[in-house]
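A.B. asks: I have a structure here, written as structure tokens, and I will follow up with some questions on it.
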Amino acid sequence: CETDRKQIAELKRLAALIKSGDFSQTGARPMGIAVKAWREWNAYRPAVAAQQMKRPFFVAQGGHDYQVTVKDFAGWQQHLAGRSNVTFYTCDDCNHLFVKSKHFSTPDEYDIPGNVAVEVIARLAGWIKSQP
């Protein structure tokens, strides 16, 4: 309906302004969140922060994940390349929640009950056990 289209268009407009860092046209609390929080989130680079941490990392990716994509995963691999205490793992047929999926996931898939894939649990448990 027309009302939905207008709401979607407004949300897209706000999202673009937030992403650009231009808060002059958003009001004090775009999408109900304080501008200060948006600025902090826009500036935060988790993979860069992880580079500075010395602790071990287990970075996992679901191959059917539409929220955190394989492109995002590649960025983590790039930022943490060469670290002997970082393990990367991909479950090709898992979604964002590491539940098996026969296709690229959608938001509707979150309504379907499921369990974390056994191989993901086994891989993570093995990694945990291998830590000093």
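A.B. asks: May I ask you to list the residues in segment 1-59 that are among the small types (Gly, Ala, Ser) and within 30 Å of Cys91 (Cβ to Cβ)?
C.D. replies: Ala15, Ala47, Ala49, Ala50
A.B. asks: Let me ask something else. Could you look through segment 55-69, keep only residues that are under 20 Å from the mean Cα position of the chain (by Cα) and open to solvent by 50 Å² or more (accessible area, probe 1.4 Å), and pick out the one that is modelled with the highest pLDDT?
C.D. replies: Filtering segment 55-69 for residues that are under 20 Å from the mean Cα position of the chain (by Cα) and open to solvent by 50 Å² or more (accessible area, probe 1.4 Å), the one modelled with the highest pLDDT comes out as Pro56.
A.B. asks: If you don't mind, there's one more thing I want to ask. Suppose the filter is open to solvent by less than 60 Å² (accessible area, probe 1.4 Å), of a type in the set (Phe, Trp, Tyr) and more than 30 Å from Leu11 (Cβ to Cβ); does Phe73 pass it?
C.D. replies: no
A.B. asks: Next up: Out of contact with any Phe, Trp or Tyr (no Cβ under 7 Å at 6 or more places or on another chain) and small (Gly, Ala, Ser): does that describe Ala74?
C.D. replies: It is true that Ala74 is out of contact with any Phe, Trp or Tyr (no Cβ under 7 Å at 6 or more places or on another chain) and small (Gly, Ala, Ser).
A.B. asks: Okay, next question. Search segment 76-122 for residues being aliphatic (A, V, I, L, M) and closer than 24 Å to Met53 by Cβ, and hand back the single one that is most open to solvent (accessible area, probe 1.4 Å).
C.D. replies: The residue in question is Ala81.
A.B. asks: Only one of (1) open to solvent by 60 Å² or more (accessible area, probe 1.4 Å); (2) in a loop (DSSP other than H, G, I, E, B); (3) closer than 27 Å to Arg45 by Cα; (4) not basic (Lys, Arg) fails for Pro132. Which number is that?
C.D. replies: Here Pro132 meets the rest and fails (3).
The values are calculated or read from the model by the stated rules, or taken from the named source; none is laboratory data. Just so you know, these numbers come straight off a predicted model, no measurement behind them. Every residue, glycine among them, receives a Cβ derived from its backbone with ideal geometry; neighbour counts consider all protein chains shown. Keep in mind that these areas ignore ligands, DNA and RNA; they rest on the heavy atoms of the full protein, side chains included. Shrake-Rupley method; radii C 1.70, N 1.55, O 1.52, S 1.80 Å.
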